[in-house]
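Here is the structure we will look at, set down as structure tokens.
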Ligand SMILES: NC(=O)c1ccc[n+]([C@@H]2O[C@H](COP(=O)([O-])OP(=O)(O)OC[C@H]3O[C@@H](n4cnc5c(N)ncnc54)[C@H](O)[C@@H]3O)[C@@H](O)[C@H]2O)c1
Ligand SMILES: [Zn+2]
Ligand SMILES: [Zn+2]
């Protein structure tokens, strides 16, 4: 089968690989129908994710058709159409019983990281019963690909942890696919204001169309002052960090109102300053989270009923044979205006 393989920092290839086999009774083999590329895959290609070793097939998102199941799989049979969660969950360990699937002691984010992923014709999915979701007949499968990772990430790590409330004021720093997913799902709770902050005017333009009430380009270094002015010098009730660099987390610390919540989503590779000298008396909360994908069933319904039009996040489509072009397009978003690229296997 064809598969996209990480070959070490800066090196990648579309290669022929043997089709995966069932290795545990709880496994399924899924024939990929559609997959996509995540910002995290770009981090891996740069060499930022040491758990992912050269030789690994990348990808942790997608929809497909069950091809084969292990003897302990009871929920699925060959021919069933399924959504693949980016997080594999045994359903039994201490963290799974707390619905913290991201910390499953034998699962978590392993697909396209410590085991081969979805950017291939077939993938082996461990713990199929508790890591796959059935796709009903007639569902829009492209829209559902956004449920493997980015919608639950924006919602769980950003909106739920940030305690977005009716009438509240929210700022989302970073208007990439994850920031935009937070923007879409924050609107479940009817906040009064959602201010989007980014360096890229095209992405801010998208944000405006997705429901942002204000957009701030922070390239001139004046974003903090602008947000404070917009909020009557009070700051925002929820500040969601969706970039993953020190400057954007520190921006959240500067724009948070007393009693507010800073919800970090970004993957940080560098030390970030915590300014307790400014924050100790402000009654704020700071949260961190690795997406658990525990909200997939709920989000599934909102996508199926078109309460959320997740398809609007898709800007480009490629066949698996052109996945190298797909990476070029996705990796040069400022030029190509790419958000999510769909890859059809
Ligand atoms: N916590 C989790 O479980 C989880 C899951 C998935 C992704 N992530 C992380 O979420 C983050 C966002 O993901 P994405 O796919 O949307 O990434 P992305 O790189 O596509 O988007 C980041 C956005 O931030 C903007 N940006 C960069 N520097 C900025 C600055 N100084 N000020 C304002 N904006 C700036 C970019 O223009 C871009 O639009 C990444 O760090 C990703 O690794 C975390
Ligand atoms: Zn991802
Ligand atoms: Zn578990």
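Might you check whether a residue that is in a loop (DSSP other than H, G, I, E, B), in contact (Cβ under 8 Å) with a residue 60 or more places away in the chain, out of contact with any helix residue (DSSP H, G or I) (no Cβ under 6 Å at 6 or more places or on another chain) and farther than 24 Å from residue 91 by Cα occurs anywhere in the stretch 59-67? No, every residue in the stretch 59-67 fails to be in a loop (DSSP other than H, G, I, E, B), in contact (Cβ under 8 Å) with a residue 60 or more places away in the chain, out of contact with any helix residue (DSSP H, G or I) (no Cβ under 6 Å at 6 or more places or on another chain) and farther than 24 Å from residue 91 by Cα.
With respect to residue 50, is the statement that it is at pLDDT below 95 and assigned to a loop (DSSP other than H, G, I, E, B) true? So residue 50 fits the description; yes.
Every residue, every condition in (1) over 30 Å from residue 218 (Cβ atoms); (2) within 15 Å of ligand 2 (Cβ to nearest atom); (3) in the same structural domain as residue 32 (by TED's automatic domain parsing), yes or no:
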position: 119; (1), (2), (3): yes, yes, yes
position: 126; (1), (2), (3): yes, no, yes
position: 168; (1), (2), (3): no, no, no
position: 184; (1), (2), (3): no, no, no
position: 189; (1), (2), (3): no, no, no
position: 198; (1), (2), (3): no, no, no
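Among the numbered conditions (1) within 12 Å of ligand 3 (Cβ to nearest atom); (2) surrounded by 23 or more Cβ atoms within 10 Å (Cβ to Cβ); (3) touching a residue at least 40 places away in the same chain (Cβ under 8 Å), the only one that residue 128 does not meet is (1). Residues in the stretch 11-48 that are in contact with a helix residue (DSSP H, G or I) (Cβ under 7 Å, 6 or more places away or on another chain) and away from ligand 2 (no atom under 16 Å from the Cβ): 12, 14, 26, 27, 28, 33.
When residue 194 is tested against the conditions (1) within 15 Å of ligand 1 (Cβ to nearest atom); (2) in contact with a helix residue (DSSP H, G or I) (Cβ under 7 Å, 6 or more places away or on another chain); (3) without any contact (Cβ under 8 Å) to a residue 60 or more places away in the chain, the lone failure is (1).
Candidates 164, 159: the one that is assigned to a loop (DSSP other than H, G, I, E, B), more than 15 Å from ligand 2 (Cβ to nearest atom), assigned by TED's automatic domain parsing to the domain that holds residue 253 and surrounded by 20 or more Cβ atoms within 10 Å (Cβ to Cβ) is 164.
The set of residues in the stretch 91-101 being within 14 Å of ligand 1 (Cβ to nearest atom) and either surrounded by fewer than 23 Cβ atoms within 10 Å (Cβ to Cβ) or not assigned by TED's automatic domain parsing to the domain that holds residue 24 (or both) consists of 100 alone.
Just one residue in the set 45, 14 is closer than 27 Å to residue 242 by Cβ and either in contact with a strand residue (DSSP E or B) (Cβ under 9 Å, 6 or more places away or on another chain) or in contact (Cβ under 8 Å) with a residue 24 or more places away in the chain (or both); that residue is 45. The condition of being at pLDDT 95 or above and either more than 30 Å from residue 177 (Cα to Cα) or surrounded by fewer than 17 Cβ atoms within 10 Å (Cβ to Cβ) (or both) holds for residue 16. Looking only at the stretch 76-115, count every residue that is out of contact with any strand residue (DSSP E or B) (no Cβ under 6 Å at 6 or more places or on another chain), within 16 Å of ligand 2 (Cβ to nearest atom) and outside any loop (DSSP other than H, G, I, E, B) and tell me the total. So the answer is 5.
When 240, 255, 262 are screened for being at pLDDT 95 or above, away from ligand 3 (no atom under 16 Å from the Cβ), closer than 30 Å to residue 343 by Cβ and in contact with a helix residue (DSSP H, G or I) (Cβ under 6 Å, 6 or more places away or on another chain), only 240 passes. Scan the stretch 214-230 for residues that are surrounded by 15 or more Cβ atoms within 10 Å (Cβ to Cβ) and out of contact with any helix residue (DSSP H, G or I) (no Cβ under 8 Å at 6 or more places or on another chain) and the total you get is 2.
Can you name the helices (runs of 4 or more DSSP H) wholly within the stretch 232-345 that have at least 2 residues being touching a strand residue (DSSP E or B) at 6+ places or on another chain (Cβ under 9 Å), surrounded by 16 or more Cβ atoms within 10 Å (Cβ to Cβ) and at negative phi?
Output list reads 246-255, 296-304, 323-331.
The values are calculated or read from the model by the stated rules, or taken from the named source; none is laboratory data. Just so we're clear, the structure is a prediction, and the values are computed from it rather than from any experiment. All Cβ positions, even for glycine, are placed from backbone atoms using ideal geometry, and neighbour counts span all protein chains on display.
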